[in-house]
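Asker: Mind looking over this structure? Questions follow.
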Amino acid sequence: MTERHAHDEHDREDGAGHVSTGTKETPGDNGAEAAIPELVIISGMSGAGRSTAAKCLEDLGWFVVDNLPPALIPTMVELGARSQGNVARIAVVVDVRGRQFFDNLRESLADLDAKQVTRRVVFLESSDEALVRRFESVRRPHPLQGDGRITDGIAAERDLLRELRGDADLVIDTSSLNVHELRAKMDAQFAGDEEPELRATVMSFGFKYGLPVDADLVVDMRFLPNPHWVPELRPFTGLNEEVSNYVYNQPGAKEFLDRYTELLQLIAAGYRREGKRYVTIAVGCTGGKHRSVATAERLAARLASEGVETVVVHRDMGRE
């Protein structure tokens, strides 16, 4: 899997997590106004990389609390607000080890919203196969499997976290990521100095390898002729100019890109109104090598030219 930023020269490695909260204040102990800390809640599947994500934020200067009961999150934010600016950013890891408190999470989130706390929910996802492999490699049981199998614990956890996953601001699928790649994704989101209005990941993929589980939008480019059947183009990828030109000289290709870009403008405006700051656009073809790669590159360039912070990922390129 390869990843890069569209229009690197214009990119700011900024993080959705670094938001100015100077206008949101609460009284301090001495009567002065105290800034409310920014908050990131890290959750997701056991074995999907929550600890790595939390460690990354800690290295970036965030105050990290692991396995905090959800009912205590508002209290943690209040304590941060009384720190006279010493705790400006807090990250809290919430997982099923604290499942007896998990039902309190929604109430705590509503409390935070009422207090106008800037918060983000990051959800770490992974496939069943990857999770089973990770648990077996460390020879540890899943925290919810009880007397059953690892897969039973994974299924129970997915059911428990389904609603939280749907409400998450950022979903990261770590199935094919190593520790360094996960850290790079977290850095890309949280390491900068300014928050973009919207951050997009444009991911090419092959349908024969399965849909990306973290996709918000899916585009199917299989309506265009496949360069795989052109002998002189088959060895190359959509990054090759000849392949890209072949794809976009086909009837309907340029029109599709124009109209889909217009549709994304409409969707992006709605995302901004709803407070959604991250979107993953998955662009697929049969093998994830030619049509999807060429389209992902062109679509990312369009988005970047309109001021959207854009990362390009080619999930399956080179996999065949």
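Asker: Looking at 282, 294, 268, which is the one that is open to solvent by less than 20 Å² (accessible area, probe 1.4 Å) and more than 22 Å from residue 209 (Cα to Cα)?
Answerer: 268 is the lone residue from the list that is open to solvent by less than 20 Å² (accessible area, probe 1.4 Å) and more than 22 Å from residue 209 (Cα to Cα).
Asker: Ok, one more. I want to confirm something. Restricting to the range 72-106 and keeping residues that are modelled with pLDDT of 85 or more and out of contact with any strand residue (DSSP E or B) (no Cβ under 7 Å at 6 or more places or on another chain), which single residue is most open to solvent (accessible area, probe 1.4 Å)?
Answerer: Ranking the candidates gives 79 first.
Asker: With the structure loaded, tell me whether residue 219 is surrounded by 15 or more Cβ atoms within 10 Å (Cβ to Cβ), of a type in the set (Val, Ile, Thr) and at pLDDT below 95 or whether it fails that test.
Answerer: So residue 219 does not fit the description; no.
Asker: Please go through the range 297-309 and give me each residue that is closer than 11 Å to residue 200 by Cβ and at pLDDT 90 or above, ordered by number.
Answerer: Result: 299, 300, 302, 303, 304.
Asker: Tell me yes or no: at least one residue of the range 142-154 is closer than 25 Å to residue 90 by Cα, basic (Lys, Arg) and either open to solvent by 60 Å² or more (accessible area, probe 1.4 Å) or at pLDDT below 85 (or both).
Answerer: The answer is no; no qualifying residue exists.
Asker: Condition first: part of a loop (DSSP other than H, G, I, E, B) and either of a type in the set (A, V, I, L, M, F, W, C) or loosely packed, with under 15 Cβ neighbours inside 10 Å (or both). Can you find one or more residues in the range 170-179 that meet it?
Answerer: For the range 170-179, residues part of a loop (DSSP other than H, G, I, E, B) and either of a type in the set (A, V, I, L, M, F, W, C) or loosely packed, with under 15 Cβ neighbours inside 10 Å (or both): present.
Asker: In the range 200-216, what count of residues is obtained for those that are over 15 Å from residue 228 (Cβ atoms), surrounded by fewer than 19 Cβ atoms within 10 Å (Cβ to Cβ) and in contact with a strand residue (DSSP E or B) (Cβ under 9 Å, 6 or more places away or on another chain)?
Answerer: Looking only at that region, the number is 3.
Asker: Give me the pairs: first residue in the range 203-231 and under 18 Å from residue 253 (Cα atoms), second residue of a type in the set (S, T, N, Q) and open to solvent by less than 30 Å² (accessible area, probe 1.4 Å), beta-carbon distance under 6 Å, and six or more apart or on different chains, which are they?
Answerer: 204/292; 221/292; 221/295
Asker: Taking residue 122 as the residue in question, decide whether it is open to solvent by less than 10 Å² (accessible area, probe 1.4 Å), over 20 Å from the mean Cα position of the chain (by Cα), closer than 22 Å to residue 182 by Cβ and touching a residue at least 40 places away in the same chain (Cβ under 8 Å).
Answerer: no
Asker: What residue, of 271, 260, is within 28 Å of residue 123 (Cα to Cα) and free of Cβ contacts under 8 Å to residues at least 60 places away in the same chain?
Answerer: 260
The values are calculated or read from the model by the stated rules, or taken from the named source; none is laboratory data. Since the structure is predicted, the reported quantities are computational estimates derived from the model, not experimental observations. Don't worry about glycine lacking a Cβ; one is built from the backbone with ideal geometry, like all the others, and counts go over all protein chains shown. For the accessible areas, the whole protein counts, side chains as well, though only heavy atoms, and no ligand, DNA or RNA atoms are used. Shrake-Rupley method; radii C 1.70, N 1.55, O 1.52, S 1.80 Å.
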